[in-house]
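Rule-based calculations on the coordinates, nothing more; no lab input. Quantities reported herein were computed from a predicted structural model and do not represent experimental measurements. All Cβ positions, even for glycine, are placed from backbone atoms using ideal geometry, and neighbour counts span all protein chains on display.
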Amino acid sequence: MFKDEGDFLKALSSMDRYSEIHEVEVHGYCLMHNHGHWMFEASTEESISNLMRDMQGCDSRYLNKKYKDAPELLVGTLN
């Protein structure tokens with residue numbers, strides 16, 4: 001998921017953006033190279049689902065564009 005510092009920064013930026021849009025309070029997070037953990041407080045029943053949908057969509061588009069010709073991104077994660 002995250003290969004370099006720019007990837008981590010993009011994830012944090014999208015988390016910040018969409019947590020404001022969906023009125024979700026971020027209490028904590030931990031991003032690692034192959035996954036992340038978040039501690040959120042919902043404002044509505046749908047707010048966290050909407051946040052995760054938008055955040056992951058944004059991050060997926062970013063990573064697909066950045067690494068579209070780099071299949072080696074996944075090579076080390078399959079073993």
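Here region 15-29 is scanned for amide nitrogen atoms under 11 Å from the site 7 Å beyond the Cα of residue 62 along Cα-to-Cβ, giving 15-18. The fraction of all Cα pairs in region 5-73 landing in successive 5 Å bins from 0 to the largest distance is 3, 16, 27, 25, 15, 8, 4, 2, given as whole percents.
Please list, by residue number, every one of the trypsin sites (Lys or Arg not before Pro) in region 39-71 that is coil in DSSP and has at most 13 other beta-carbon atoms within 10 Å. Spell out each step's value before the answer.
Details: sites: 53, 61, 65, 66, 68; in loops: 68.
Within region 39-71, the qualifying trypsin sites (Lys or Arg not before Pro) (loop, at most 13 other Cβ atoms within 10 Å) are 68.
Compared with the dominant Cα axis of the chain, that is its longest principal axis, helix 5-21 is turned about 20°.
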